[in-house]
1. If you scan segment 222-271, which residues turn out to be in a helix (DSSP H, G or I), of a type outside the set (A, V, I, L, M, F, W, C), crowded, with 18+ Cβ neighbours inside 10 Å and in contact (Cβ under 8 Å) with a residue 24 or more places away in the chain?
2. If I filter segment 113-146 down to residues being aliphatic (A, V, I, L, M) and buried (at least 20 other Cβ atoms within 10 Å of the Cβ), which single residue comes out as nearest to Ile223 (Cα to Cα)?
3. Between a first residue in segment 30-41 that is hydroxyl-bearing (Ser, Thr, Tyr) and a second residue that is part of a helix (DSSP H, G or I), which pairs have beta carbons less than 9 Å apart while being 6 or more apart in sequence or on different chains?
4. Starting from segment 87-107, keep only residues that are buried (at least 21 other Cβ atoms within 10 Å of the Cβ), then list their pairs with residues that are β-branched (Val, Ile, Thr) and part of a helix (DSSP H, G or I) whose Cβ atoms are within a distance under 6 Å, requiring at least 6 positions of separation or different chains.
5. Do you know which residues across segment 139-161 are within 19 Å of Gly50 (Cβ to Cβ) and hydrophobic (A, V, I, L, M, F, W, C)?
6. Just the residues that are outside any loop (DSSP other than H, G, I, E, B), in contact with a Gly (Cβ under 9 Å, 6 or more places away or on another chain) and within 25 Å of Ala271 (Cβ to Cβ), please, taken from segment 107-146.
7. With over 26 Å from Leu126 (Cα atoms), among the β-branched types (Val, Ile, Thr) and either in contact (Cβ under 8 Å) with a residue 12 or more places away in the chain or assigned to a helix (DSSP H, G or I) (or both) as the only criterion, which of Val70, Val27 stands out?
8. Among the numbered criteria (1) crowded, with 24+ Cβ neighbours inside 10 Å; (2) in contact with a His (Cβ under 8 Å, 6 or more places away or on another chain); (3) of a type in the set (Gly, Ala, Ser), which one does Ser29 miss?
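What follows draws every value from the coordinates through simple rules; no lab data is involved. Quick caveat, the model's predicted, so the values are computed rather than measured. When we count neighbours, we look across all protein chains shown, and the Cβ atoms used for this are built from the backbone with ideal geometry, even at glycine.
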Amino acid sequence: MPEPIVSAATTYWSRKNLEAAILDALVKSGKDLDALTISDLAPFDQFHGGGKPATQRLAQLAKLAPGMRVLDVGGGFGGPARTLAVEFGCHVTVLDATEAYVRTGAALTARLGLGDRVSHQVGDALALDGTRGPYDVVWTQNSGMNIRDKERLYAAFARMLRPGGVLALQEPMAGPVQPILYPVMWAADERLSFLRTPEAMRAVIQGAGFRVREWRDVTAEIIGPSTGAAVPVHSIPRIVMGDALDAIVEAGIQNREQKRIVMIHAVLDRA
């Protein structure tokens, strides 16, 4: 039985006709649907702060290599997964709780002919029990903000990894000034938003059996709508959030300037 918060978050994120909306936006932005590349798709499938450059930066920080088996938790439309497959040679399983995102991601993967390297599954991160693994890498970008039980989440990540496996994460966290201002991308109010400070998060993740290799505050370099980034007309935040995005960006400027939200890149090794 899904937990109430997980179900509410899935409802919050779910949208209809996403594949058609993305393809229409691609055409309007001048892309050839019969010759798409992962770079063409990046404005529409990298649904996290910093877009594709942030994915590349985290992958380089984690030292991903060809042949690695990666579980992308909360991987949404599959943009990071396809980037890891094409540019880093990984084999990636995308897990996301929102069925509409999984369907859309699988369709985009098929359109690019990457089905042999990227797969998409509906699933709850809190229910990971290790039977799908072990993986070399658990990858997650901007996926834990709606999850209250961080301890359970990172214990699940540890179960999915082989000994010595890698956790690579990009996560908005609570800044030194609180509370955060709403709306943000992942929540209209505090009922669906569960941020902790970097210090608290680091303690939780280490408590789950991880050793920190890299822990970097990248707030100055990696921004998104919830930290005040301008959003192009043809982009996945606009497609998903519609007119609600304007208030998110407005609040995001204050969250960023007032240090209410910070962005962390971290690479950790499972003990």
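1. Within segment 222-271, Pro225, Ser226, Thr227, Pro237, Gly252, Asn255, Arg256 meet the criteria.
2. Top of the filtered list is Met145.
3. Close Cβ pairs satisfying both conditions: Thr37/Val86; Ser39/Lys52.
4. Matching pairs, first to second residue: Asp96/Val102; Ala97/Thr10; Thr98/Thr10.
5. Selection gives Trp139, Met145.
6. First pass over segment 107-146, keeping only residues outside any loop (DSSP other than H, G, I, E, B): 107-111, 118-122, 125-127, 135-141.
Okay, now just the ones that are also in contact with a Gly (Cβ under 9 Å, 6 or more places away or on another chain), so 108-109, 118, 120, 125, 135-141.
Within segment 107-146, Ala125, Tyr135, Asp136, Val137, Val138, Trp139, Thr140, Gln141 qualify.
7. Numbers: Val70 fails: over 26 Å from Leu126 (Cα atoms).
Being over 26 Å from Leu126 (Cα atoms), among the β-branched types (Val, Ile, Thr) and either in contact (Cβ under 8 Å) with a residue 12 or more places away in the chain or assigned to a helix (DSSP H, G or I) (or both) holds for just one of Val70, Val27, which is Val27.
8. For Ser29, the failing item is (1).
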